Amino acid sequence: MRATDLFDRSRDSARPDRARRRRGAAAIGVSAVAMVGLAGLTQLTGVAAAGSISGGTQFYVYPNSAVMKWDAANPGDSREPLIASQIASQPQGIWFANYTPSTVQSDASAITSAAAAAGKTPVLVMYNIPNRDCGGASAGGAPDITSYKNYVQSFANGLGTHQVIVILEPDSLALQTCLSAQQAADRDSALAFAGQAIHSADPAAKVYMDAGHSAWNSPSAQAAALNAAGVKTSADGIFSNVSNFMTTSDEVNYDKQVLAALGNPSNLHIVVDTSRNGNGPAPGNPWCDPSGRAVGQAPTANTGDSAVDAYLWVKPPGESDGCADAAGTFDPALAYALVINGPIHSYSPTPSASATSASPSASPSSSPSASPSASPSHSASPSSSPSASARSGSCLVTYAVQSSWSGGFTANVSITNTGSSSINGWTVTFRYNGDQKVTNAWGASASQSGATVTLTNASYDGSIAPGGTVTGVGMQGTWASSNAAPSNFTLNGVACS
């Protein structure tokens with residue numbers, strides 16, 4: 001497998017409070033994308049260091065990332081300039097989430113060598129621990145601990161002697177509820193081994209272990225898990241908020257409490273994922289592609305805090321958590337929203353109907369990968385997977401449950417214009433036949449009265465050409481006794497059944 005292919009991660013959770021992902025199409029050189037800074041955010045200058053990483057460190061922009069490939073393939077999309085300048089230009093995590101033992105060494109070497117030649121530091125995310133995601137939506141990884149250790153050793157051997165940052169196994173220490181005592185001990189041993197192997201192979205590497213996020217485990221509980229995994233001797237610090245939305249201040253405060261519970265070891269520092277936390281968490285902390293979120297602090301090692309090594313974009317902005325699209329798919333609608341929802345853009349062009357009428361993810365990455373979610377996972381077996389569709393002479397509305405767990409669900413909706421005239425602005429209604437309550441929606445605004453739900457188009461997906469379909473619309477909700485499929489679909493007041 002080529003290095004440009006190893007990030008087709010099969011993971012991103014279907015679970016509340018957490019999420020991640022990535023991938024793409026045609027490669028493009030970094031120089032082809034405008035390297036415009038994020039107005040109002042700290043940039044990578046040569047200012048003095050604030051942690052154990054030099055404050056002048058420049059992070060590597062991976063030229064074959066999903067957003068770069070989308071940007072190269074869609075020069076005429078009205079959203080492209082903003083996505084290019086505000087997201088594609090920024091360094092982001094490069095995920096090793098496919099178990100590829102025969103190529104991982106060469107894959108790692110190709111990236112670290114290219115980054116070193118450019119004078120930049122890559123951020124690599126190792127995500128292959130056995131029993132990953134407790135068998136949930138991001139299940140996968142190495143088949144057993146021995147295979148994992150061999151895989152990590154090969155990865156370490158590919159790092160060379162270059163400075164790299166390794167984010168070691170998101171969720172591995174915050175989510176262990178599915179593990180027996182022996183499995184947890186084996187995981188701890190494997191993580192300690194991984195940190196030591198990476199440091200031994202590449203003394204310039206910096207390794208960070210999983211601290212979850214501030215709305216998950218208590219600082220003392222997370223510190224105990226980190227201590228059991230040998231964080232004091234095998235790592236350079238801890239990371240938090242990967243693929244989540246907690247504010248930077250909350251995360252730094254939480255992480256400092258974790259370090260305090262560890263006894264404030266002088267060799268341990270903090271890394272925070274700020275890729276999507278510009279507006280903090282959505283009400284109720286939904287994890288899966290929640291609306292209204294924004295990119296946060298630009299990646300930088302100049303944090304101004306001696307305890308904090310870096311603010312990083314570990315989760316690439318615009319890659320779906322698995323609700324708006326398949327987990328790991330780059331969705332320009334999600335990316336565009338993350339920019340215009342924040343204060344950082346200097347202009348905000350309105351997406352053209354032609355760019356979005358068929359689907360907000362006009363150019364999905366070819367093989368979606370997933371990044372983990374961000375807090376406790378509902379990994380119980382789905383109680384049901386109801387779906388429904390209704391068609392009339394001019395419309396087809398399809399509702400499909402994407403994931404279901406005890407007490408909750410996510411569902412996707414698609415709207416197809418089967419008539420001969422364009423639809424400019426749409427409202428879909430349907431009636432739940434169970435006791436579901438919608439708590440969050442994306443790709444549309446949602447309201448509910450009794451069992452009846454009303455969805456109204458977002459600003460970018462209101463036009464549907466004849467034969468066109470709008471996807472990327474969905475919702476998260478709760479249920480108590482029944483998650484039965486809905487019925488009585490209408491589009492703009494006309495029954496679709």
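The values are calculated or read from the model by the stated rules, or taken from the named source; none is laboratory data. Everything numeric here is computed off the predicted structure, so don't read it as measured data. For neighbour counting, all protein chains shown are included, and Cβ atoms are generated from backbone atoms with ideal geometry for every residue, glycine included.
Annotations
- Summed over segment 424-459, the residues that are closer than 18 Å to G284 by Cβ and part of a strand (DSSP E or B) give a count of 12.
- Residue satisfying condition, being surrounded by fewer than 24 Cβ atoms within 10 Å (Cβ to Cβ) and touching a His at 6+ places or on another chain (Cβ under 6 Å), within set A110, A116: A116
- Members of segment 472-486 that are touching a Ser or Thr at 6+ places or on another chain (Cβ under 7 Å) and small (G, A, S): G472, G474, G477, A485
- Restricting attention to segment 447-462 and to residues that are crowded, with 21+ Cβ neighbours inside 10 Å and not charged (D, E, K, R), the residue that is farthest from R293 (Cα to Cα) turns out to be V453.
- So T177, is it surrounded by fewer than 18 Cβ atoms within 10 Å (Cβ to Cβ) and within 23 Å of V164 (Cβ to Cβ): no
- Test: residue in segment 158-170 that is closer than 22 Å to T100 by Cα, surrounded by fewer than 24 Cβ atoms within 10 Å (Cβ to Cβ), at pLDDT 95 or above and among the charged types (D, E, K, R): no
- Boolean, L173 is in contact (Cβ under 8 Å) with a residue 12 or more places away in the chain and either outside the structural domain of S243 (by TED's automatic domain parsing) or not in a loop (DSSP other than H, G, I, E, B) (or both): no
- Among residues of segment 217-252 being of a type in the set (S, T, Y) and out of contact with any Asp or Glu (no Cβ under 6 Å at 6 or more places or on another chain), the one that is modelled with the lowest pLDDT is S243.
- Whichever residue in segment 119-146 is more than 22 Å from T329 (Cβ to Cβ) and of a type in the set (D, E, K, R) and, among such residues, is surrounded by the most Cβ atoms within 10 Å (Cβ to Cβ): K120
- Unique residue being modelled with pLDDT of 50 or more and in a loop (DSSP other than H, G, I, E, B) when the list is S85, S52, S13: S52
- Restricting segment 79-107 to residues that are of a type in the set (S, T, Y) and over 28 Å from A294 (Cα atoms), the residue that is surrounded by the fewest Cβ atoms within 10 Å (Cβ to Cβ): S102
- Test: residue in segment 175-188 that is touching a Ser or Thr at 6+ places or on another chain (Cβ under 9 Å) and closer than 21 Å to G263 by Cα: no
- Residue match in segment 221-239 (condition: assigned to a loop (DSSP other than H, G, I, E, B), assigned by TED's automatic domain parsing to the domain that holds A294 and over 25 Å from G158 (Cα atoms)): no
- Listed conditions (1) assigned to a helix (DSSP H, G or I); (2) under 24 Å from Q58 (Cα atoms); (3) in contact (Cβ under 8 Å) with a residue 60 or more places away in the chain are all met by L191, apart from (2).
- S266 in a loop (DSSP other than H, G, I, E, B), surrounded by 23 or more Cβ atoms within 10 Å (Cβ to Cβ) and in the same structural domain as R293 (by TED's automatic domain parsing): no
- Filtered by the rule that a residue be charged (D, E, K, R) and within 23 Å of D202 (Cα to Cα), segment 137-161 gives a lone residue, K149.
- One residue alone among D309, D273, D325 is within 21 Å of W95 (Cα to Cα) and at pLDDT below 90, and that residue is D325.
- Identity of the residue in segment 426-460, under 19 Å from V397 (Cα atoms) and of a type in the set (V, I, T), that ends up modelled with the lowest pLDDT: V438
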